[in-house]
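A.B. asks: I am attaching a structure below and will ask some questions about it afterwards.
The values are calculated or read from the model by the stated rules, or taken from the named source; none is laboratory data. Not measured: the values here are computed from a predicted model. Note: ideal-geometry Cβ built from the backbone for every residue, glycine included; neighbour counts use all protein chains shown.
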Amino acid sequence: MTKKDSSTKEPSTKKKASTTAWILVHVIFPMLPFFIEGFARLIVLDSSLEIVSFSTLAASMGLLCLFVNQNLLAHSIPLSDDDEQDKLIEVTAIFLALGITNFFLFACIVFLTANPDIPKKLYLVKSFIFICAFISIREAYRTQQSYKLRAQI
């Protein structure tokens, strides 16, 4: 039997950014309340059109944006110049604004649902929430790819 010499170490490989782990932690996890409520509504309402809860979707998207915002702030990303640093600050501010917007939409949908006399405005807010959800998810994925963010568990 031969023993490996401790002085000859294999070169350490840098850890790659795992897109799957990052998506699980920063996208799927904040959307769990939306998925769980949708599944429960599917069972109870027997495949009705009222399965989607836009208030829960808005709150989940707000959490998603704040998770991405905090992930951007927590990582020390090596940047080559000041322009990249400014772009990082801009992206962080955009996710903070998207998070605040989604929580505001959550409050709007809750207040408008309480007043049944406003069905047209409710439809507009629901449509805006749906559009914001797609934008939030798409931008979160693009940000992860651009900055090679890693999930911190």
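A.B. asks: Condition check: of a type in the set (Val, Ile, Thr) and modelled with pLDDT of 80 or more. Does Ile94 satisfy that?
C.D. replies: Criteria met by Ile94.
A.B. asks: Also, I was wondering about something else. So for the range 53-62 (the condition being outside any helix (DSSP H, G or I), of a type outside the set (A, V, I, L, M, F, W, C), modelled with pLDDT of 80 or more and surrounded by fewer than 20 Cβ atoms within 10 Å (Cβ to Cβ)), does at least one residue qualify?
C.D. replies: Checked the range 53-62: at least one residue is outside any helix (DSSP H, G or I), of a type outside the set (A, V, I, L, M, F, W, C), modelled with pLDDT of 80 or more and surrounded by fewer than 20 Cβ atoms within 10 Å (Cβ to Cβ).
A.B. asks: Could you please tell me which pairs satisfy a Cβ distance under 8 Å, a separation of 6+ or placement on different chains, a first residue in the range 120-142 that is free of Cβ contacts under 8 Å to residues at least 24 places away in the same chain and among the hydrophobic types (A, V, I, L, M, F, W, C), and a second residue that is surrounded by 11 or more Cβ atoms within 10 Å (Cβ to Cβ) and part of a helix (DSSP H, G or I)?
C.D. replies: Leu122/Ile109; Leu122/Leu112; Leu122/Thr113; Phe128/Leu105
A.B. asks: Related question: Tell me, yes or no, whether the range 128-142 has at least one residue that is more than 19 Å from Phe34 (Cα to Cα) and of a type in the set (A, V, I, L, M).
C.D. replies: Taking every residue of the range 128-142 in turn, none turns out to be more than 19 Å from Phe34 (Cα to Cα) and of a type in the set (A, V, I, L, M).
A.B. asks: Any idea which of (1) more than 17 Å from Leu32 (Cα to Cα); (2) touching a His at 6+ places or on another chain (Cβ under 6 Å) is the one Phe67 doesn't satisfy?
C.D. replies: Going through (1) more than 17 Å from Leu32 (Cα to Cα); (2) touching a His at 6+ places or on another chain (Cβ under 6 Å) one by one, Phe67 breaks only (1).
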